[in-house]
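Note sheet for the following structure.
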Amino acid sequence: MAGEIEIPHPRERHLLLGQDGAAAAFCEGEGSGRLHHAWLLGGPEGIGKATLAYRVARHLLAPPSERLGGGDGLGVDPGGKTARQVAARSHPNLIALERGTAEEGRAAPKGISVDAVRKALGFFASTAADGGRRICIVDAVDDLNASAANALLKTIEEPPPGALVLLVSHAPQRVLPTIRSRCRRLTLPPLGPADLDRVLAGLDLPADASLRMRAAALAEGSVRRALTLLDPRRMALIDELTALLDALPGTPASAILSLAEKTGDRRDAEEFPVLVDAILRWLAARVESKAGAGARRLAPLAEVCENVTEAARAVEIYNLDRRAFIVSTFGDLAEAVRRAA
């Protein structure tokens, strides 16, 4: 199962595929001597944004003797002192702001606290150990609450000498406009099928080749999404869901209720987004199939797509009943299909 796979943290990864354009932007900035002090790295989850951020940090913090030539220009010796310190979270000139993980008996923190941001501001207030750069990686800026975002904004507005802030965002359009306007923005593309398959193949996954290929095909260029699909039970659930969607508007209520019961377990944090993605993929295919049918027939499908997205976000934010979401979503979809017929 995907949840049992031990995946290296981005600070430990040295392989980055499909993001040569973004890497070139950093190399160009460094080479010109005008590297911007704040970067907003946007794009879907699981495409290498955080891996790029750590790759940039290692490159900028490493001495020339540890830098590797060729490739995307950002490589460093994986066995060198800088790479080892970054992997161990012990480099004196690098700090990372991340959402904490759940501890036994306690829920995972809902975001990055303002106290954590203030600690980073204190980090920037001191001089770098070697007089060089001080780098802060925020993974992800989407996890900052309003107070934390405003605290970080102060450093981005008035950066100390040598400061570099790398902001990872899965939804850059939702980042505070005042932060966005002060950052150089890079939008990273989803991985191509060949790059995605190469990444998955390199992780020594306990999954057969056919399951891996199908997960890659459904992942839309995201390694993270592909990993959540490397579970035969989840894939079977997607197949069941898709069959019920294809039967709309005549899907039996009993089948919908049965599916809702299977998706009601809130302990599996990855399962719900997988199902929502499957619904949105089905809707996208439905819209594409009716591209020439005119605005009147497309409008109900576009409207229900937006409603499903907002409802799913509310379920995750407020920990609402997933079973009720499935039942009500099928009702909305059935009505949309009737109106689009």
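The values are calculated or read from the model by the stated rules, or taken from the named source; none is laboratory data. Owing to the predicted nature of the structure, the values given are computational and were not obtained by experimental measurement. FYI the Cβ positions are ideal-geometry reconstructions off the backbone, even for glycines, and counts take in every protein chain you see.
Say we look at the stretch 24-76 and pick out the residues that are among the acidic types (Asp, Glu) and buried (at least 18 other Cβ atoms within 10 Å of the Cβ); which of these is farthest from VAL138 (Cα to Cα)? If you could, list the steps in order and put the result at the bottom.
Restricting attention to the stretch 24-76, the residues satisfying the condition of being among the acidic types (Asp, Glu) are 28, 30, 45, 66, 72.
Next, only the ones that are buried (at least 18 other Cβ atoms within 10 Å of the Cβ) stay: 66, 72.
Working: GLU66: 25, ASP72: 23 Å.
Per the stated criteria, the residue is GLU66.
Scan the stretch 249-266 residue by residue and report those that are in contact (Cβ under 8 Å) with a residue 60 or more places away in the chain, among the aliphatic types (A, V, I, L, M) and in contact with a Leu (Cβ under 7 Å, 6 or more places away or on another chain).
ILE256, LEU259
Please indicate, with yes or no, whether at least one residue in the stretch 234-248 is of a type in the set (Lys, Arg) and at pLDDT below 85.
Keep residues of the stretch 234-248 that are of a type in the set (Lys, Arg), which gives 234.
Right, trim to at pLDDT below 85 and you get none.
No, the stretch 234-248 contains no residue that is of a type in the set (Lys, Arg) and at pLDDT below 85.
With the requirement that a residue be in a strand (DSSP E or B), of a type in the set (Val, Ile, Thr) and under 23 Å from the mean Cα position of the chain (by Cα), what does the stretch 62-97 give you? Let's see the steps before the verdict.
Let us first name the residues in the stretch 62-97 that are in a strand (DSSP E or B), namely 67, 76, 94-97.
Then keep just the ones that are of a type in the set (Val, Ile, Thr); that gives 76, 95.
Within the stretch 62-97, just ILE95 meets the criteria.
So which residues in the stretch 175-206 are within 22 Å of PRO10 (Cα to Cα) and among the small types (Gly, Ala, Ser), if there are any at all?
GLY192, ALA194, ALA201, GLY202, listed by residue number.
Restricting attention to the stretch 258-284, which residues are loosely packed, with under 14 Cβ neighbours inside 10 Å and over 16 Å from VAL315 (Cα atoms)?
Selection gives SER258, ALA284.
Given the conditions (1) part of a helix (DSSP H, G or I); (2) under 22 Å from PRO193 (Cβ atoms); (3) hydrophobic (A, V, I, L, M, F, W, C), report the number of the one that LEU16 does not fulfil.
It is condition (1) that LEU16 fails.
Tell me, yes or no, whether the stretch 227-248 has at least one residue that is of a type outside the set (A, V, I, L, M), touching a residue at least 40 places away in the same chain (Cβ under 8 Å) and in contact with a Pro (Cβ under 9 Å, 6 or more places away or on another chain).
There is at least one residue in the stretch 227-248 that is of a type outside the set (A, V, I, L, M), touching a residue at least 40 places away in the same chain (Cβ under 8 Å) and in contact with a Pro (Cβ under 9 Å, 6 or more places away or on another chain).
Looking at the structure I just gave you, is ALA57 more than 20 Å from LYS81 (Cβ to Cβ) and not in a loop (DSSP other than H, G, I, E, B)? Write out each step before concluding.
Details: more than 20 Å from LYS81 (Cβ to Cβ): no; not in a loop (DSSP other than H, G, I, E, B): yes.
No: the conditions fail for ALA57.
Taking the stretch 269-304 on its own, how many of its residues are without any contact (Cβ under 8 Å) to a residue 60 or more places away in the chain and part of a loop (DSSP other than H, G, I, E, B)?
6
On the basis of being under 29 Å from ALA216 (Cα atoms) and part of a helix (DSSP H, G or I), does ARG266 make the cut?
No, not satisfied.
Which residues, taken from the stretch 305-323, are without any contact (Cβ under 8 Å) to a residue 60 or more places away in the chain and either over 25 Å from ALA171 (Cα atoms) or in contact with an Asp or Glu (Cβ under 9 Å, 6 or more places away or on another chain) (or both)?
Of the stretch 305-323, the ones without any contact (Cβ under 8 Å) to a residue 60 or more places away in the chain are 305-321.
Of everything in the stretch 305-323, those that are without any contact (Cβ under 8 Å) to a residue 60 or more places away in the chain and either over 25 Å from ALA171 (Cα atoms) or in contact with an Asp or Glu (Cβ under 9 Å, 6 or more places away or on another chain) (or both) turn out to be ASN307, VAL308, ALA311, VAL315.
Would a scan of the stretch 171-193 turn up a residue that is in contact with a Leu (Cβ under 9 Å, 6 or more places away or on another chain), farther than 24 Å from ARG134 by Cα, surrounded by fewer than 17 Cβ atoms within 10 Å (Cβ to Cβ) and in contact (Cβ under 8 Å) with a residue 60 or more places away in the chain?
Yes: one or more hits.
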